[in-house]
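One structure is given below, encoded as structure tokens.
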Amino acid sequence: MNLTINGISHEVAGSELAPLLDVLREELGIMGAKAGCHQGGCGSCTVLVDGEPRRSCLLPAGYADGTQITTVEGLGAPENLMPIQQAFVHYYAAQCGFCTSGMLLAAQAYLDRGGTDDPEAIQHALAGHVCRCTGYSKIIDAVAAAARGDSFDLTTTAVGKHTTMANGGAE
Amino acid sequence: MKVVGARIPRYDGVAHVTGRTTYVDDVSVPGTLWAKALRSPHHHARITKLDTSKAESMPGVHAVITWKDVPLLEYGHLAALGIPADEPLLAKDEVRYLGQPIALVAAQSEELAAAAVDAIEVGFEERPALFDIRQAFDSESPKIHQWGNWYPHFEGEMDVRQIRKGDIERAFEDADTIVQGVYRPAAIEHAPIETQVCQVVPEPNGRLTIYSCTQALYFSLGVVAAHLQVPLNKLKIVGGTTGGGFGGKVDTATETMSCLLAMKANRPVKWRWTREEEFLCSSTRAPWHMELATAVTKDGWILGLKMLTLHDSGAYARFSPYGLTKHSFHHTGAYSIPNLHFDGYVVFTNRTPTTAMRGFGVTSVSFAVETHMNRIANELGLDPIEIRLKNANRIGDTSPNGIAYTDPSTVETIQAIAEAIGHELPADYRTMTNEPRTGELLPEHLVSQVGSTEGH
Amino acid sequence: MAVASVASDAATEVLMPGSEDEAIATFGVGAEVVVVGGGTIVVPDMTYRRLRPAKALMLGSAGLSGIGTDGSRVTIGATTPVQALVDLKAPLGPCASNVADLEIRSQGTVGGNLCAGDGTEAPRGDLQGAFLALGATARSAANGDVTEEPLEDFLGKRHERLLLSVSFDEPAAGAFVGLDRPHTHDYTALAVSGARAQDGTLRLAATGAGSWGARLPSAEAAAGDPAVAGEAALNDVTPHDDALASAWYRTKVLPVLVRRVLTALEEST
């Protein structure tokens, strides 16, 4: 099978039914996608397949054959962060960081689909992603800020009230 | 000061958003073997047979360990907290909770390790199990722990954590009403997105490098050294970013067993729990049963509190006595209650052993106390915020365990809450402070309370 | 470390047919063959070693995906992703939107969802009720023989036949009401679908009130009075206990969902 990951083509052996996640982590040493549950329930394994978010722990490698796969490593590098990455840093949207790579990819796909700063739409897009640390509000704020095209001062963090269930996104 | 008070981003924020943060499972060492555990399918049973020979001889299997391989057969190492050992690291004669580890295998692949676990021959004789802490005290209930069904090793070999303060009988006589409530928060699973995981590498110089997801690096180092009966300098523990812990990654649940496999196989070993193991077998926040009876006056003074707490420790003690002790020290919450009668028990059941989780021991009692305050306000027909302000801790009031408060922020906090939710307070409540009580805020029943206590 | 542990075991033989005919031939009588639509059900079961198939039939390239219309007749290929249905009219659109989350819907297929295991073990089959309410037929194959039959009949044999497509006539009106969980990516705990066909026939069906989707004939017969119909629905199904909801809870809520669906159908006529 041929898997193109972050623009680099890899020939992989093994079963077409092997989860893409295991091929990425164990055969190819690409560690950004995480094994949170191996059941598709947490979102931490999410990668983009031809630009669309998929659970790599559920996706048979055979179905990824010939596609363009993007992992978190395919977003910006530290010296060249994409807006969504900058937003997560500036809004303190990652604590332990284990859910972050999945969140970022799902969020980037949302933005690529023309996603707006509407908190409900963001929640719907990220509905499959579980975070145990942040309580989600700063993640939603970060995605909203990126959707608005805000620029981010990475030497400091955002100030102000954040999205809550009660205020539905009001500042 | 450049940092205190400044809004600075996380030092690892950029690493997180570029996928460069290294978690234990991201550590990739050539030659690493997969570990898998044989776990008890029963809640309570005697082990009648344990034969690992078939598993050991399977191709691709490098090591199998049982209790026999553990130099100090104890889970955790809590003698420093005064808690004697009650739990074997790997089950010996019996199992007391579903999921309890009995043996571990290290093999060439996850698939082979799982097949080897299936090949271990194990026999059980089931025993009756106890799940309801309220039944633990019945003589007809099964006895499920070598110490009896509740922990008997508090100071002075007491089997109950007690606080006594003032004169509870007098408080109940003087009260206009007794308000009662029973509060039973359920267990909570930490559910960190990263499951329990450990990687151990035997080094050429005879040391072991342990990549651990622990929240308590030096504690875990000490625990493992004690289990392995080796000096601390034989182990190098590498912590780093924990993928969520919340109290559930203090138990040191994987490190020792991974070390034993690595030593026996003389190969690096990784043990990564599945999400199912994490849900079924990892320790949880404990369920609690709390009964409160408060003696109150009709104008909202709390004269006394009589409380019984049962803490569900699960099958073994672990940190529970410590958690219950903290719980007892905080059992009046943010309020000054002069007469106290608290009894707390650490009760064993055949459930997964419980452990710390954010606010260990105290969140349960906060929940009970605050819900109960609303109940009191309701029964007396009083405003729930005013009744809190009246009884709130002030300078000089004492905690259940006799510590005089030097600067409690209760009054200010409640006033801020009232303002934030648009709750109008009468002028005298709006101007309350945490200054030592005088005048109307120091009624007779509190006079002797300030600066006095009794308990253990 | 060994790759893709699946490969190192008495490995599953993977077959990837390139057309419907090839798929039918490869499926044969379906003995010892596990059918893989998107993989959202089979892959985790294999990861957790609950499923160790000798042969797996991966349908992704068999050309079975797509939604086609012929007048008012709609045909949905078995490997159409669930996500492709979310913009369709009720009951199917809202039912599909209610399934899991975007990633799962995009990978999971209509066929995989319909053919999922019994609900008491693995509560999936979210779409069964919606298709039953639409009076759908299922086209399937076994032993080289292709049949089209009412979905109700197919569901009883869904593990023995290879589903190829599902068809239905556009209804005059449709409605869907499901238990709305506070967070998505749950399976359907309980949902009711309803549709009034062009010829006036009313169909109601429940998902999650028993081991698979079921029609509610007693409720249909009493449809004139939604409250009565709601209670009557309890004659048609035996709600069960599972991790999502208790039988007691389902018994309380089912009549409510039936009433709401009937009310919605009335309002749209």
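The values are calculated or read from the model by the stated rules, or taken from the named source; none is laboratory data. Because the structure is predicted, anything quoted here is derived from the model rather than measured. Note that we place each Cβ from the backbone using ideal geometry, even for glycine, and neighbour counts take in every protein chain shown.
Filter the range B:20-35 for residues that are within 14 Å of chain A (Cβ to nearest Cβ) and part of a strand (DSSP E or B); which is farthest from B:Y316 (Cα to Cα)?
Just the residues of the range B:20-35 that are within 14 Å of chain A (Cβ to nearest Cβ), to begin with: B:20-34.
The next check asks that each one be part of a strand (DSSP E or B); those that pass are B:33-34.
Numbers: B:L33: 30, B:W34: 28 Å.
Filtering first and then ranking leaves B:L33.
Among (1) farther than 20 Å from B:H16 by Cα; (2) touching a residue at least 24 places away in the same chain (Cβ under 8 Å); (3) within 7 Å of another protein chain (Cβ to nearest Cβ), which single condition is A:H38 missing?
The number of the failed condition is (2).
Within the range B:267-296, work out how many residues are within 11 Å of another protein chain (Cβ to nearest Cβ) and in a loop (DSSP other than H, G, I, E, B).
Qualifying residue count for the region: 3.
Give all pairs with beta carbons closer than 7 Å in which a residue from the range B:402-425 that is on the phi > 0 side of the Ramachandran plot meets a residue that is hydroxyl-bearing (S, T, Y); count only pairs at least 6 apart in sequence or on separate chains.
Hits for this filter: B:G402/B:T453.
Please specify each residue of the range C:215-245 satisfying the condition of being touching a residue at least 60 places away in the same chain (Cβ under 8 Å) and under 20 Å from C:T263 (Cα atoms).
Hit for the range C:215-245 is C:R215, nothing else.
Looking only at the range B:244-280, how many residues end up being under 23 Å from B:R207 (Cβ atoms) and of a type in the set (G, A, S)?
4
I'd like to verify a number: residues in the range B:310-342 that are out of contact with any Leu (no Cβ under 8 Å at 6 or more places or on another chain) and aromatic (F, W, Y), how many?
Count: 3.
Only one of C:A227, C:A233 is surrounded by 15 or more Cβ atoms within 10 Å (Cβ to Cβ) and of a type in the set (G, A, S). Can you tell me which?
Working: C:A227 fails: surrounded by 15 or more Cβ atoms within 10 Å (Cβ to Cβ).
Answer to the check: C:A233.
Got at least one residue in the range B:139-160 being surrounded by 14 or more Cβ atoms within 10 Å (Cβ to Cβ), touching a His at 6+ places or on another chain (Cβ under 7 Å) and not aliphatic (A, V, I, L, M)?
Within the range B:139-160, none of the residues are surrounded by 14 or more Cβ atoms within 10 Å (Cβ to Cβ), touching a His at 6+ places or on another chain (Cβ under 7 Å) and not aliphatic (A, V, I, L, M).
Would you call A:L154 modelled with pLDDT under 95 and closer than 12 Å to B:V17 by Cβ? Give the derivation first.
Values: modelled with pLDDT under 95: yes; closer than 12 Å to B:V17 by Cβ: yes.
Judged against the criteria, A:L154 is a match.
Take A:P53 and decide whether it is more than 7 Å from every other protein chain (Cβ to nearest Cβ), closer than 23 Å to A:K138 by Cβ and touching an Asp or Glu at 6+ places or on another chain (Cβ under 9 Å). Break it down into steps so the answer makes sense when it comes.
Numbers: more than 7 Å from every other protein chain (Cβ to nearest Cβ): no; closer than 23 Å to A:K138 by Cβ: yes; touching an Asp or Glu at 6+ places or on another chain (Cβ under 9 Å): yes.
Taking the combined requirement at face value, the residue does not satisfy it.
Identify all residues within the range C:99-140 that are in contact with a strand residue (DSSP E or B) (Cβ under 6 Å, 6 or more places away or on another chain) and surrounded by fewer than 24 Cβ atoms within 10 Å (Cβ to Cβ); write none if there are none.
C:S106, C:G135, C:T137, C:R139, listed by residue number.
Of all residues in the range C:74-95 being within 14 Å of chain A (Cβ to nearest Cβ) and hydrophobic (A, V, I, L, M, F, W, C), which is farthest from A:E52 (Cα to Cα)?
C:V86
For the range B:288-300, which residues satisfy the criterion of being out of contact with any His (no Cβ under 7 Å at 6 or more places or on another chain), buried (at least 22 other Cβ atoms within 10 Å of the Cβ) and of a type outside the set (V, I, T)? Walk me through it before giving the result.
If we filter the range B:288-300 for residues that are out of contact with any His (no Cβ under 7 Å at 6 or more places or on another chain), which is where we start, we get B:289-291, B:293, B:295-300.
Keeping just the survivors that are buried (at least 22 other Cβ atoms within 10 Å of the Cβ) gives B:290, B:295-296.
Answer for the range B:288-300, where residues must be out of contact with any His (no Cβ under 7 Å at 6 or more places or on another chain), buried (at least 22 other Cβ atoms within 10 Å of the Cβ) and of a type outside the set (V, I, T): B:M290, B:A295.
I need a count of the residues in the range B:367-400 that are buried (at least 16 other Cβ atoms within 10 Å of the Cβ) and polar (S, T, N, Q).
4
Restricting attention to the range A:1-16, and to residues there that are among the hydroxyl-bearing types (S, T, Y) and in a strand (DSSP E or B), which single residue is surrounded by the most Cβ atoms within 10 Å (Cβ to Cβ)?
In the first step, residues of the range A:1-16 are kept if they are among the hydroxyl-bearing types (S, T, Y); the result is A:4, A:9, A:15.
Those left that are additionally in a strand (DSSP E or B): A:4, A:9.
Numbers: A:T4: 15, A:S9: 8.
This residue is A:T4.
Collect the residues in the range C:38-75 that are over 21 Å from the mean Cα position of the chain (by Cα) and on the phi > 0 side of the Ramachandran plot, keeping them in residue-number order.
Within the range C:38-75, C:R49, C:G71 qualify.
Across the range C:57-69, what is the number of residues that are surrounded by 16 or more Cβ atoms within 10 Å (Cβ to Cβ) and in contact with a helix residue (DSSP H, G or I) (Cβ under 7 Å, 6 or more places away or on another chain)?
Taking the range C:57-69 as the starting set, the residues that turn out to be surrounded by 16 or more Cβ atoms within 10 Å (Cβ to Cβ) are C:57-65.
Those left that are additionally in contact with a helix residue (DSSP H, G or I) (Cβ under 7 Å, 6 or more places away or on another chain): C:57-60, C:62-64.
Total meeting the criteria: 7.
For the range A:67-78, give me the residue count where each residue is more than 8 Å from chain B (Cβ to nearest Cβ) and closer than 26 Å to A:V159 by Cβ. Please lay out each step first, then the result.
Step one: filter the range A:67-78 for residues more than 8 Å from chain B (Cβ to nearest Cβ), giving A:67-70, A:74.
From what's left, closer than 26 Å to A:V159 by Cβ: none.
Looking only at that region, the number is 0.
All but one of (1) free of Cβ contacts under 8 Å to residues at least 40 places away in the same chain; (2) buried (at least 23 other Cβ atoms within 10 Å of the Cβ); (3) more than 18 Å from B:G13 (Cα to Cα) hold for A:G128; which doesn't?
Only one criterion is unmet by A:G128, namely (1).
Can you tell me which of (1) within 14 Å of chain C (Cβ to nearest Cβ); (2) not in a loop (DSSP other than H, G, I, E, B) is the one A:I84 doesn't meet?
(1)
Consider A:G135 against the criteria (1) more than 23 Å from C:S97 (Cβ to Cβ); (2) touching a helix residue (DSSP H, G or I) at 6+ places or on another chain (Cβ under 9 Å): it satisfies all of them except one. Which criterion is unmet?
With respect to (1) more than 23 Å from C:S97 (Cβ to Cβ); (2) touching a helix residue (DSSP H, G or I) at 6+ places or on another chain (Cβ under 9 Å), A:G135 is out only on (2).
Identify the residue in the range A:1-28 that is β-branched (V, I, T) and under 16 Å from A:Y63 (Cα atoms) and, among all such residues, is farthest from the other protein chains (Cβ to nearest Cβ).
Filtering the range A:1-28 down to residues β-branched (V, I, T) leaves A:4-5, A:8, A:12, A:23.
Next, only the ones that are under 16 Å from A:Y63 (Cα atoms) stay: A:4-5, A:12, A:23.
Details: A:T4: 17, A:I5: 12, A:V12: 8, A:V23: 6 Å.
That would be A:T4.
Within the range C:30-50, how many residues are under 20 Å from C:G63 (Cα atoms), in contact with a helix residue (DSSP H, G or I) (Cβ under 9 Å, 6 or more places away or on another chain) and of a type outside the set (A, V, I, L, M)?
Counting residues in the range C:30-50 that are under 20 Å from C:G63 (Cα atoms), in contact with a helix residue (DSSP H, G or I) (Cβ under 9 Å, 6 or more places away or on another chain) and of a type outside the set (A, V, I, L, M) gives 4.
Could you please let me know if C:G38 is in contact with a Gly (Cβ under 9 Å, 6 or more places away or on another chain), modelled with pLDDT of 95 or more and more than 27 Å from C:R203 (Cβ to Cβ)? Before the answer, list the steps.
Numbers: in contact with a Gly (Cβ under 9 Å, 6 or more places away or on another chain): yes; modelled with pLDDT of 95 or more: yes; more than 27 Å from C:R203 (Cβ to Cβ): yes.
Yes, satisfied.
B:I188 is checked against (1) over 26 Å from A:A35 (Cβ atoms); (2) touching a residue at least 40 places away in the same chain (Cβ under 8 Å); (3) out of contact with any helix residue (DSSP H, G or I) (no Cβ under 7 Å at 6 or more places or on another chain) and fails just one. What number does that condition carry?
With (1) over 26 Å from A:A35 (Cβ atoms); (2) touching a residue at least 40 places away in the same chain (Cβ under 8 Å); (3) out of contact with any helix residue (DSSP H, G or I) (no Cβ under 7 Å at 6 or more places or on another chain) applied to B:I188, the lone miss is (1).
I'd like the full set of residues that are hydrophobic (A, V, I, L, M, F, W, C) and surrounded by fewer than 16 Cβ atoms within 10 Å (Cβ to Cβ), limited to the range C:14-30.
Start the filter on the range C:14-30 by keeping residues that are hydrophobic (A, V, I, L, M, F, W, C), which leaves C:14-16, C:23-25, C:27, C:29.
Matches in the range C:14-30: C:A25, C:V29.
Checking the structure you have, find out if any residue of the range C:155-173 is hydrophobic (A, V, I, L, M, F, W, C), assigned to a helix (DSSP H, G or I) and either crowded, with 24+ Cβ neighbours inside 10 Å or at pLDDT 95 or above (or both). It would help to see each step written out before you state the result.
Just the residues of the range C:155-173 that are hydrophobic (A, V, I, L, M, F, W, C), to begin with: C:155, C:162-164, C:166, C:168, C:172-173.
Checking which are assigned to a helix (DSSP H, G or I) leaves us with C:155.
Right, trim to either crowded, with 24+ Cβ neighbours inside 10 Å or at pLDDT 95 or above (or both) and you get none.
There is no residue in the range C:155-173 that is hydrophobic (A, V, I, L, M, F, W, C), assigned to a helix (DSSP H, G or I) and either crowded, with 24+ Cβ neighbours inside 10 Å or at pLDDT 95 or above (or both).
One residue is enough: does the range B:233-252 have a residue meeting the conditions in contact with a Cys (Cβ under 7 Å, 6 or more places away or on another chain), surrounded by fewer than 24 Cβ atoms within 10 Å (Cβ to Cβ) and assigned to a loop (DSSP other than H, G, I, E, B)?
The initial filter retains those residues of the range B:233-252 that are in contact with a Cys (Cβ under 7 Å, 6 or more places away or on another chain), namely B:241-244, B:249.
If we keep only those that are surrounded by fewer than 24 Cβ atoms within 10 Å (Cβ to Cβ) as well, we get B:241-242.
After this cut, where a residue has to be assigned to a loop (DSSP other than H, G, I, E, B) as well, the list is B:241-242.
Looking through the range B:233-252, at least one residue is in contact with a Cys (Cβ under 7 Å, 6 or more places away or on another chain), surrounded by fewer than 24 Cβ atoms within 10 Å (Cβ to Cβ) and assigned to a loop (DSSP other than H, G, I, E, B).
Got at least one residue in the range B:212-220 being part of a strand (DSSP E or B) and closer than 16 Å to B:S258 by Cβ? It would help to see each step written out before you state the result.
Step one: list which residues in the range B:212-220 are part of a strand (DSSP E or B), which gives B:212.
Then drop every residue that is not closer than 16 Å to B:S258 by Cβ, which leaves B:212.
Scanning the range B:212-220, I find at least one residue that is part of a strand (DSSP E or B) and closer than 16 Å to B:S258 by Cβ, so the answer is yes.
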